[in-house]
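Notes follow the structure.
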Amino acid sequence: ASLFYTVYMSQEKLHSILETCSVCIAYLPFHEEVEYSTFSFPPKIHFRKIVLSNDKNTDPFKTALELEGKLRNEKVCIFIPGTAFDVFGTRHGRGAGWYDRLLSRVPKEWIRIGVTDVPRFSHERLTRESWDEPMDWILVYDTLTSSWEVYEAMP
């Protein structure tokens, strides 16, 4: 019951935080990444949505600069895919570092939300390299129950 309560309270807390956001930055999923827009995604995105290109040749530093300029006075949340996440906010990607470079240049105040599924989520600590940009929240989709769990990243 304790884990359920913690997950429920995290979901309520994330909802209240997202209520204050005016812009959401989302991603176009690659093959194995969670396609969040077709499921009962827990944060109802009621605000303006910007979708990042999934073209690996796009410069993440240039993208970050453009986004920061365009969204200077906005409260922003950004959804990030990955190949593995842990409850401590560590995210592993595809190895090219695109999202880490993007996140290293956007404001730290932007709410970083990792999106994954149960097989790619760990309660055990993953290795975090110096360049790995941590998440504030992790949303985990369970295909067996068709439901989401919400975790606030632990320190």
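The values are calculated or read from the model by the stated rules, or taken from the named source; none is laboratory data. Source: prediction; values computed, not measured. Cβ sites come from the backbone with ideal geometry, for glycine too, and all protein chains shown count toward neighbours.
Residue by residue, here is whether (1) under 21 Å from residue 21 (Cα atoms); (2) in contact with a helix residue (DSSP H, G or I) (Cβ under 9 Å, 6 or more places away or on another chain) holds:
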residue: 63; (1), (2): yes, yes
residue: 66; (1), (2): yes, no
residue: 113; (1), (2): yes, yes
residue: 145; (1), (2): no, no
residue: 150; (1), (2): yes, yes
residue: 154; (1), (2): no, no
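If you go through segment 104-127 one residue at a time, do you hit one that is farther than 16 Å from residue 27 by Cα and under 11 Å from the mean Cα position of the chain (by Cα)? No; the residues of segment 104-127 include none that is farther than 16 Å from residue 27 by Cα and under 11 Å from the mean Cα position of the chain (by Cα). Would you point out the residue of segment 58-73, among those that are more than 12 Å from residue 101 (Cα to Cα) and not acidic (Asp, Glu), that is nearest to the chain's Cα centre (by Cα)? The residue in question is 67.
Criterion applied to 105, 112 was being within 14 Å of residue 152 (Cα to Cα) and modelled with pLDDT of 95 or more, and the one residue passing it is 112. Scanning segment 129-149 for residues that are closer than 20 Å to residue 99 by Cβ and in contact (Cβ under 8 Å) with a residue 40 or more places away in the chain turns up 132, 133, 134, 135, 136, 137, 138, 139, 140, 141.
If you go through segment 20-34 and keep only what is charged (D, E, K, R) and buried (at least 18 other Cβ atoms within 10 Å of the Cβ), you end up with just 33.
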